[in-house]
Amino acid sequence: MFENDDYVIDLMVNYGLVEQITVDKLREECEWDDAKVISKLFFEHSIDEESVLNMLAQECSMGIVDLNGYEIPEDVIAAVPEDIAKKYRVIPVVVNEFSITVAMADPTNFETLDNLRFILKTDIEGAVCSPTVVDESIKKYYGKSESDSMFAGYDDEGVDVTVESAHLSEEDQASISGDGDDAPIIRLVTMIILEAYKMKASDIHLEPMETSFRVRYRVDGVLRQMDNPPKYLQNNILSRLKIMAGLKITEKRVPQDGRIAMKVLGKDIDLRVSTVPTTHGESIVMRILDKGSISIGIAELGFFADDQEIIERVLGLPDGIFLVTGPTGSGKTTSLYAFLNTINEPSRKIITAEDPVEYELSGINQVQVDNSIGMTFAGALRSMLRQAPNIIMVGEIRDMETGTVAINASLTGHVVFSTLHTNDAPGAITRMVDMGVPPFLVAASVQGVMAQRLVRKVCKSCAKPYSPTEDQLRILDVDADYFAEATLLKGEGCSECNKGYKGRMGIYEIFEMNDSIRELIYRKASSSEIKQVARGMGMRTLREDALRKAAAGLTTIEEVLRITVMDED
């Protein structure tokens, strides 16, 4: 709550607002976390805010200002820029020729006035004000932005959220409605998840810092800073999420993984929860998995007609391995699920081995890999083969054992899908050979490889034509004629998008096996040699596919440069 929590606690004792014995007891209960001690003093021991404000005003030699019902003139507000007011949580109230008086949410942050004097080049006088009133005034006079508080008051009016996690006890299930002493924390956690879902975020990052508790959402692949909840609520929020995910609340020394099943605004979602101990507390990342978003087909992945034709041809083969490569978060799982949806028919038996099972697919047998009990990818794959499947999906080929079993399965009449972590499509071949899989087996079994990335799409509501700069043409190594017949579009930013972008689509590098490539694999050719031959036979690189999608107005040149690397000749 305050920059110097221990200082404020000592003041409370000195001014007779609380007894030292109470503070000592609370510090033992809260493991000497003074932010949490202050929270308990306010919420459990009914410390009066007005008394604390009077105490701080007297100690800091400041006046007290009450902004309720007071209208601040526009010229006064203009004296402090918006970003400065929000960063330091101050609001200007009086401006004269030689100084500015600001209402401060935290007068114990002694560096604030000095920093403001330096930035604004004038003398700054401070006045004590209720933190809630300061925050509300900032929102009122400067307007709400993406970083403004969604947490103020923990208001969950109109929120239809029910937790369905099997990990929750009956008591905890009942508490989600917001009854009881923990209601504010429950509603706050609910609002964090709800706001992320409404913004179509893929991840929620809750990160303890030294003096703050940072919340960030990953929207369209880019992290966005949101308003930070009060630092003193950090442990309460983390404990609530660990309860919901079925994790051990008392275990804070080792990473944990869990899952939360929720119904948000009438839609079922899963949250995959991961905790990691850090210097200032446990960091939690939650991956949001929308069950309704996975029932897609190939057409929705963003293929152009020629690439879609290649994919459909590979999917129609009776056996062999098809690999999808790319870094974490590049959409590999979504692509594989789309392929399975396309070929999922009653006449075919499909089994998957995944770690973890992210989405439940109707009509498909899905196996959860668990190394702690010996259920590895290789072990699961061997067991799956005894189930007489037609099609197998292995979440990831991580070692020679898994790769060899998958290849043998493809050579005995099965279609096998899997993923690898490589930078491009031809690199998957040399990666498997490097794992120890014999080259002749790789050449005989692999039918194709698809590398992919995700680029942000231009918002159609605010898209305007634009021309590439000379620097962009130089970096892309193309001349202006390349875009002569293109429809380059860039979003200007509107209420429906995120700075000109809305949603993401895939860019692809599709590598098909043929006799020439097999010959290179037999003689253990390098990845660059394989790539050169594949490009000579028509393979389009990630950058080339991204450029033609930019030329079609689907994404921007800036996105192409951000996501892809220069092609090597």
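Observations on the model:
- Within the stretch 317-336, tally of residues that are touching a Leu at 6+ places or on another chain (Cβ under 7 Å) and at pLDDT 90 or above: 4
- Scanning the stretch 334-380 for residues that are surrounded by 19 or more Cβ atoms within 10 Å (Cβ to Cβ), touching a residue at least 60 places away in the same chain (Cβ under 8 Å) and among the hydroxyl-bearing types (S, T, Y) returns a single hit, S335.
- Flag: E207 does not match the condition of being modelled with pLDDT under 85, in contact with a strand residue (DSSP E or B) (Cβ under 9 Å, 6 or more places away or on another chain) and within 30 Å of R453 (Cα to Cα).
- Check on A57, open to solvent by less than 30 Å² (accessible area, probe 1.4 Å) and under 35 Å from the mean Cα position of the chain (by Cα): no
- Of all the listed residues (I260, I237), the sole one being over 30 Å from E559 (Cα atoms) and part of a strand (DSSP E or B) is I260.
- Identity of the residue in the stretch 400-438, among the small types (G, A, S) and not in a helix (DSSP H, G or I), that ends up nearest to M513 (Cα to Cα): A425
- Meets criteria (in a strand (DSSP E or B), open to solvent by 10 Å² or more (accessible area, probe 1.4 Å), closer than 27 Å to A35 by Cα and aliphatic (A, V, I, L, M)) for V276: yes
- Subset tally (residues that are in a helix (DSSP H, G or I) and aromatic (F, W, Y)) for the stretch 55-80: 0
- Any hit, the stretch 89-106, residues being basic (K, R), part of a helix (DSSP H, G or I) and touching a residue at least 40 places away in the same chain (Cβ under 8 Å): no
- Selection status of V13, farther than 17 Å from A105 by Cα, of a type in the set (V, I, T) and not in a helix (DSSP H, G or I): no
- Matching residues, the stretch 27-54, being open to solvent by 90 Å² or more (accessible area, probe 1.4 Å) and in a loop (DSSP other than H, G, I, E, B): E31, W32, E44, S46
- Listing of strands (runs of 3 or more DSSP E) fully contained in the stretch 452-569 that carry 2 or more residues being open to solvent by 50 Å² or more (accessible area, probe 1.4 Å), under 29 Å from R224 (Cβ atoms) and free of Cβ contacts under 8 Å to residues at least 24 places away in the same chain: none
- Reported count of residues in the stretch 383-409, each being of a type in the set (G, A, S) and crowded, with 21+ Cβ neighbours inside 10 Å, is 4.
- Of the residues D270, D227, D257, the single one that is at pLDDT 85 or above, among the charged types (D, E, K, R) and open to solvent by less than 60 Å² (accessible area, probe 1.4 Å) is D270.
- Restricting I284, I298, I311 to those that are without any contact (Cβ under 8 Å) to a residue 60 or more places away in the chain and of a type in the set (A, V, I, L, M, F, W, C) reduces the list to I298.
Conditions tested, residue by residue: (1) modelled with pLDDT of 90 or more; (2) within 18 Å of E125 (Cβ to Cβ).
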{"residue": "L67", "(1), (2)": "no, yes"}
{"residue": "Y70", "(1), (2)": "no, yes"}
{"residue": "E74", "(1), (2)": "no, no"}
{"residue": "V93", "(1), (2)": "yes, yes"}
{"residue": "F98", "(1), (2)": "no, yes"}
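- Candidates A78, A105 - the one that is in contact with a strand residue (DSSP E or B) (Cβ under 9 Å, 6 or more places away or on another chain), among the small types (G, A, S) and open to solvent by 40 Å² or more (accessible area, probe 1.4 Å): A78
The values are calculated or read from the model by the stated rules, or taken from the named source; none is laboratory data. Keep in mind that what you see is a predicted model, and the values were worked out from it rather than measured. Methodologically, a virtual Cβ is constructed for each residue, glycine included, from the backbone with ideal geometry; neighbour enumeration extends over all protein chains shown. All accessible areas refer to the heavy atoms of the entire protein, side chains included, with ligands and DNA or RNA removed. Shrake-Rupley method; radii C 1.70, N 1.55, O 1.52, S 1.80 Å.
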